[in-house]
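The values are calculated or read from the model by the stated rules, or taken from the named source; none is laboratory data. Just so it is clear, the structure is predicted and the values come from calculations on it, not from any experiment. Note: ideal-geometry Cβ built from the backbone for every residue, glycine included; neighbour counts use all protein chains shown.
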Amino acid sequence: MEWLTDLDWELVADSFWPMLKGGLTGTIPLTLASFSLGLVLALVVALMRISSIRPVSWLARAYISVIRGTPLLVQLFVIFFGLPSIGVTLDPWPSAVIAFTLNVGGYAAEVIRAAILSVPKGQWEAGYTIGMTHVQTLRRLVLPQAARVSVPPLSNTFISLVKDTSLASLILVTEMFRVAQQIAAFSQQFMVLYIEAAVIYWMFCLVLSAGQIRLEKRLDRYVAR
């Protein structure tokens, strides 16, 4: 533990705000944008997945299989470094958003599909009985109930995405880990600064986990016991 006694606490203090700022202005916006778009994509894919139209269902299955069967880093590199070879060049931030959105869409689609299938069939029948169409029953009865079931796994996906955004530093997106790399390269204090970055990521995840618990408790109020 000698390194603790030799620790440059002034460097730790001076680098804390730049890294935190990088998280607040880079990591969090990137996470929110990717997760929001990913949820929309996931809902569409989930509905395609449970569709009775086989080609539509197969297309959704193929997408999910590709996303879940390939590394996120490879997906990121394909979009940022691969697309220019076919004439499509994107800036780092949009490339990261697209890659993370597609990744979230693939994983969250299965979560949403399972949540929809967990809703009792009687709910569908109840909707049809009072004159609702299939779409109305889905929107007004099934999806609200499925949303409550899907909160815990989707929250875990969101928290994982916060950490996964660090990969965006590899395509020069200015987020928290990129800031940590820049400071570490200048000061040569890699161990200290990377541990500090890990602590800040941990702080973000603790806050999000607390929010997840509050949301789950709030939704449980409307569940009949």
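Against the conditions (1) at pLDDT below 95; (2) within 30 Å of Thr165 (Cα to Cα); (3) in a helix (DSSP H, G or I), Val88 satisfies every one except (3). Scan the stretch 110-122 for residues that are among the hydrophobic types (A, V, I, L, M, F, W, C) and over 14 Å from Pro152 (Cα atoms) and the total you get is 3. When you scan the stretch 91-113, do you find a residue that is touching a helix residue (DSSP H, G or I) at 6+ places or on another chain (Cβ under 9 Å), of a type in the set (Lys, Arg), over 18 Å from Thr31 (Cα atoms) and free of Cβ contacts under 8 Å to residues at least 60 places away in the same chain, even just one? No: the stretch 91-113 contains no residue that is touching a helix residue (DSSP H, G or I) at 6+ places or on another chain (Cβ under 9 Å), of a type in the set (Lys, Arg), over 18 Å from Thr31 (Cα atoms) and free of Cβ contacts under 8 Å to residues at least 60 places away in the same chain. Given the criteria buried (at least 16 other Cβ atoms within 10 Å of the Cβ), under 18 Å from the mean Cα position of the chain (by Cα) and not aliphatic (A, V, I, L, M), does Gly69 qualify? Spelling it out, it is not the case that Gly69 is buried (at least 16 other Cβ atoms within 10 Å of the Cβ), under 18 Å from the mean Cα position of the chain (by Cα) and not aliphatic (A, V, I, L, M). Close contacts from the stretch 202-225, counting a first residue that is closer than 20 Å to Phe16 by Cβ and a second that is surrounded by 13 or more Cβ atoms within 10 Å (Cβ to Cβ) and at pLDDT 85 or above, with Cβ to Cβ under 6 Å and a gap of 6+ residues or different chains, come to Phe204/Val162; Cys205/Ile159; Leu208/Ile159.
Could you list, in sequence order, all residues of the stretch 164-208 that are among the polar types (S, T, N, Q) and either buried (at least 19 other Cβ atoms within 10 Å of the Cβ) or at pLDDT 90 or above (or both)? Scanning the stretch 164-208 gives Thr165, Ser166, Ser169.
Filtered by the rule that a residue be assigned to a helix (DSSP H, G or I) and in contact (Cβ under 8 Å) with a residue 24 or more places away in the chain, the stretch 48-74 gives Arg49, Ala60, Tyr63, Ile64, Val66, Ile67, Arg68, Leu72, Leu73.
Starting from residues that are crowded, with 18+ Cβ neighbours inside 10 Å and more than 25 Å from the chain's Cα centre (by Cα), keep the ones in the stretch 105-140 and report whichever is nearest to Val45 (Cα to Cα). Per the criteria, the residue is Thr137. If the condition is being surrounded by fewer than 17 Cβ atoms within 10 Å (Cβ to Cβ), of a type in the set (Gly, Ala, Ser) and modelled with pLDDT of 80 or more, then the stretch 1-39 contributes Ala33, Ser36.
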